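Note sheet for the following structure.
The values are calculated or read from the model by the stated rules, or taken from the named source; none is laboratory data. Just so it is clear, the model here is predicted, and its values are computed rather than measured. So basically every Cβ, Gly included, is an ideal-geometry build from the backbone, and we count neighbours across all protein chains shown. The accessibility values were calculated without ligands, DNA or RNA, using every heavy atom of the protein model including side chains. Shrake-Rupley method; radii C 1.70, N 1.55, O 1.52, S 1.80 Å.
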Amino acid sequence: MIKNVGIVGAGQMGCGIAQVAAMAGYKVHLYDIAPDRIEAGLATINGNMARQVSSGKLTEDERKKALTLIKGSSDLTDLSPADLVIEAATEDESIKRKIYVAVCPVLKPDAILATNTSSLSITRLASATDRPERFMGIHFMNPVPVMKLVELVRGIATEEGTFASARQFVTALDKTITVAEDFPAFIVNRILLPMINEAIYTLYEGVGTVDAIDTAMKLGANHPMGPLQLADFIGLDTCLSIMQVLHDGLADSKYRPCPLLVKYVEAGWLGRKSGRGFYDYRGETPVPTR
Ligand SMILES: CC(=O)CC(=O)SCCNC(=O)CCNC(=O)[C@H](O)C(C)(C)COP(=O)(O)OP(=O)(O)OC[C@H]1O[C@@H](n2cnc3c(N)ncnc32)[C@H](O)[C@@H]1OP(=O)(O)O
Ligand SMILES: NC(=O)C1=CN([C@@H]2O[C@H](COP(=O)(O)OP(=O)(O)OC[C@H]3O[C@@H](n4cnc5c(N)ncnc54)[C@H](OP(=O)(O)O)[C@@H]3O)[C@@H](O)[C@H]2O)C=CC1
């Protein structure tokens with residue numbers, strides 16, 4: 001029975017997962033290596049809930065109750081009471097593997113460890129843990145409080161009890177589950193990221209400007225965000241990592257990351273989270289960078 005949830009990584013996804021878990025009544029501990037990340041994350045969660053109170057989706061009492069359920073620290077041992085830990089750190093296999101090596105000795109023997117990875121092999125990540133049978137992918141979508149879908153992904157060793165507990169947890173968050181097999185980038189990103197990468201090629205080849213491409217897809221295909229706006233929202237570092245996993249894992253040149261995407265990431269232009277990507281967010285309204 002899951003009661004205590006630990007989250008590793010207080011970025012946009014970790015904080016979103018913390019928010020929805022606390023709103024469903026789970027006790028949440030948010031861990032990040034950087035204490036300022038945790039502070040900023042808790043402030044974002046507070047702001048999101050305050051907005052929900054103003055729009056009448058949440059009462060002030062519910063907000064206060066949910067907030068008291070979330071604690072944060074940079075001390076890994078605070079994850080020891082967790083029945084389920086969801087790792088939502090940077091999309092980099094070596095970072096995730098190091099986290100598992102550090103976190104496993106702290107956890108209860110029967111605790112479940114899950115990853116929110118967008119693309120990496122669950123079976124390969126599981127091999128860096130001491131509990132492959134209690135390890136799986138629980139892949140939330142961004143923004144977590146708004147998006148209904150969660151992909152569940154089993155590794156080769158994932159036990160049925162682990163899967164059933166994850167299903168029960170995600171259902172309690174009022175999300176809809178889809179099951180994906182353990183192939184690079186699963187279902188959503190296998191389809192979405194090549195589209196985003198193609199939009200970046202469209203920009204790179206001068207077929208259209210940032211504004212033309214995003215307007216075309218918003219008004220011409222009824223997408224809520226243009227693909228370049230969405231890439232900035234996801235994070236260009238994450239988009240590049242997913243394309244690299246698709247390219248390496250499926251060995252097909254159609255997944256070649258666009259050189260312009262590589263250049264933006266090398267510049268540290270990671271999208272909204274760093275203040276600049278295909279748009280510049282440092283002013284009052286986002287301005288296209290091309
Ligand atoms: C990379 C991966 O591994 C997988 C992925 O996640 S891929 C990305 C998947 N996500 C998408 O494709 C998102 C596409 N975009 C959208 O659906 C919409 O633009 C959107 C839901 C993000 C915003 O919708 P919108 O109508 O333009 O904005 P807006 O009216 O301001 O917001 C709608 C609601 O969402 C909430 N919201 C918007 N952004 C939010 C955020 N970042 N965090 C929390 N809540 C947010 C708003 O507060 C608002 O809630 P209320 O109705 O309670 O006030
Ligand atoms: N962005 C998206 O749309 C989606 C992302 N995901 C996945 O979720 C995960 C997180 O993505 P997202 O939240 O966007 O990324 P962010 O960059 O917003 O957050 C990642 C967080 O992990 C922290 N971190 C890095 N190394 C460690 C470590 N060793 N221990 C603890 N924390 C660490 C980072 O800190 P610092 O910045 O200080 O390095 C940062 O706070 C990734 O696996 C991503 O693929 C899944 C669905 C959607």
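Which residue fluctuates most in the GNM of the chain (Cα springs below 10 Å): Val262, Val207, Val144?
Top of the fluctuation ranking is Val207.
Cross-link candidates for Lys65: which lysines have Cα within less than 28 Å, leaving aside residues fewer than 8 places away along the same chain?
Straight-line reach from Lys65, under 28 Å: Lys3, Lys27, Lys57, Lys108, Lys148, Lys175.
Whole-Hz Karplus ³J(HN,Hα) for the stretch 70-75, in order, using 6.51 cos²θ - 1.76 cosθ + 1.60 and θ = phi - 60°, x for Gly and Pro?
9, 10, x, 6, 9, 10
At a Förster radius of 35 Å, what calculated FRET efficiency corresponds to the Cβ-Cβ distance of Val179 and Lys57, to the nearest 0.05?
Taking R0 as 35 Å, the efficiency between Val179 and Lys57 is 0.75.
If you put +1 on each Lys and Arg Cβ and -1 on each Asp and Glu Cβ, how big is the dipole of the chain around its Cα centre, in Debye rounded to 20?
That gives a dipole near 400 debye.
Tell me the angle of helix 93-103 to the major Cα principal axis of the chain, expressed in degrees between 0 and 90 and rounded to the nearest ten.
With both axes taken from Cα atoms, the answer is about 10 degrees.
Under 5 Å between amide H atoms, partner at least 5 residues away or on a different chain: which partners does Val85 have, H built in plane at 1.01 Å?
For Val85, the qualifying residues are Gly6, Ile112, Leu113, Ala114.
Compute the angle between helix 210-220 and the longest alpha-carbon principal axis of the chain, please, reported from 0 to 90 degrees and rounded to the nearest 10.
70 degrees
For the chain, give the share of DSSP beta bridges that are antiparallel, in percent and rounded to the nearest 5; count only bridges with both residues there.
25 percent
Only Cα pairs within less than 10 Å get springs; with that Gaussian network setup on the chain, which residue of Glu181, Glu266, Glu198 has the largest fluctuation?
The residue with the greatest mean-square fluctuation here is Glu266.
Once the piece of chain linking Gln168 and Asp75 is laid out straight, how much longer is it, given 0.36 nm per residue of separation minus the C-alpha distance between them?
30.7 nm
Summing +1 for each Lys or Arg and -1 for each Asp or Glu, what net charge is found among the other residues whose Cβ lies under 13 Å from the Cβ of Glu133?
-1
Whole-Hz ³J(HN,Hα) for each residue in the stretch 232-238, computed from phi via Karplus 6.51 cos²θ - 1.76 cosθ + 1.60 with θ = phi - 60°, x for glycine and proline: what do you get?
4, 5, 5, x, 5, 5, 5
Around Gly72, which amide H atoms from residues at least 5 apart in sequence, or from another chain, sit under 5 Å from its own amide H, with H modelled in the peptide plane?
Leu30
So, counting K/R as plus one and D/E as minus one, what does the shell of residues with Cβ under 12 Å around Pro105 add up to?
+1
Would you mind computing, in nm to one decimal, how far apart the modelled labels at Asp92 and Ala251 are, each placed 7 Å from Cα along Cα→Cβ?
Rounded to a tenth, the inter-label distance reads 2.8 nm.
If you average the sequence gap of Cα pairs under 8 Å that are 6 or more apart and divide by the length of the chain, what percent do you get for the contact order?
13 percent
With the contact rule set at Cα under 8 Å and sequence spacing of 6 or more, what percent relative contact order holds for the stretch 189-278?
30 percent
Less than 14 Å apart at the alpha-carbon level, and either on another chain or at least 8 residues along: which aspartates and glutamates does that give for Lys273?
Asp232, Asp237
Students often get this wrong: which residues of the stretch 127-171 have the backbone nitrogen under 19 Å from the point 7 angstrom along Cα-to-C-beta of Ala102?
Of the residues in the stretch 127-171, 127-131 have backbone N under 19 Å from the label point off Ala102.
Would you mind working out the accessible area per residue for the stretch 248-290, using a 1.4 Å probe, and quoting it in Å²?
Normalised by residue count, the accessible surface of the stretch 248-290 is 63 Å².
Mind pulling the per residue volume of the convex hull built on the Cα atoms of the stretch 4-180? Å³ is fine.
Looking at the stretch 4-180, the number lands at 95 Å³ per residue.
If you count only protein heavy atoms with a 1.4 Å probe, what accessible area per residue comes out for the stretch 4-180, rounded to a whole Å²?
43 Å²
If you build a Gaussian network model of the chain, linking Cα atoms that sit under 10 Å apart, which residue out of Asp32, Asp214, Asp252 swings the most?
Asp252
Please determine, in degrees from 0 to 90 and to the nearest 10, the orientation of helix 160-172 with respect to the longest principal axis defined by the Cα atoms of the chain, where the helix direction is its Cα long axis.
Between the helix axis and the principal axis of the chain, the angle is about 70 degrees.
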